[in-house]
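Trainee: Sharing a structure with you now.
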Amino acid sequence: MKLNEKIAAVIFAVVLALHFSGDWLVVVAPSAKPTAATYVYEKDEGAVPPTVLKGLNTLNRQNITATAFDDDTTDGSGDTPEQYKLPLAAAKEAGLPCLVVMGGDRVRKVVKAPTTEQQVTEAVR
């Protein structure tokens, strides 16, 4: 499957999950072990809440790569860095800010606008 097809499949799954779930916690691929969590936000709308940063730090200590990513960030060639393409697509589909939990190269969960350390750390369970 090409990268564009993977992105399209993730976006489709997120849209369906949001449409049918009625809440802001979307479980896309629950069987995949969490490997990364990305808080995707728009810096012009405000900074990452300190409690979210604390939660990301806690996840990093649990060997889950946890980062904050501004949706406008690009690499030297003007592209979104590869490791953030799927989380960015899933977060934009759900609406920023979002915490996107990845299991390898699959979106595991999307949590809309977490505000506490507990919401961040529980997202990987």
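For (1) within 14 Å of the chain's Cα centre (by Cα); (2) not small (G, A, S), each residue gets a yes or a no:
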site	(1), (2)
A47	no, no
L56	yes, yes
R61	no, yes
T65	yes, yes
A68	yes, no
D71	yes, yes
D75	no, yes
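Trainee: To continue, here is another question. Would you check which residues across the range 82-99 are surrounded by fewer than 18 Cβ atoms within 10 Å (Cβ to Cβ) and farther than 22 Å from G46 by Cα and list them?
Mentor: Result: E82, Q83.
Trainee: What pairs can you find where one residue is in the range 65-91 and touching a residue at least 24 places away in the same chain (Cβ under 8 Å), the other is surrounded by 11 or more Cβ atoms within 10 Å (Cβ to Cβ) and among the acidic types (D, E), and their Cβ atoms are less than 6 Å apart, with a gap of 6+ or different chains?
Mentor: D71/E42
Trainee: Turning to a different aspect of this structure: State yes or no: is T80 of a type in the set (S, T, Y) and closer than 17 Å to K33 by Cα?
Mentor: no
Trainee: Also, I was wondering about something else. Among the residues of the range 65-94, what is the count of those that are out of contact with any helix residue (DSSP H, G or I) (no Cβ under 7 Å at 6 or more places or on another chain) and closer than 16 Å to Q119 by Cβ?
Mentor: Of the residues in the range 65-94, 1 are out of contact with any helix residue (DSSP H, G or I) (no Cβ under 7 Å at 6 or more places or on another chain) and closer than 16 Å to Q119 by Cβ.
Values in this text are rule-based calculations from the coordinates and carry no lab data. If you're wondering where the values come from, they're calculated on a predicted model, not measured in any experiment. Glycine gets a Cβ as well: all are built from the backbone with ideal geometry, and neighbour counts include every protein chain shown.
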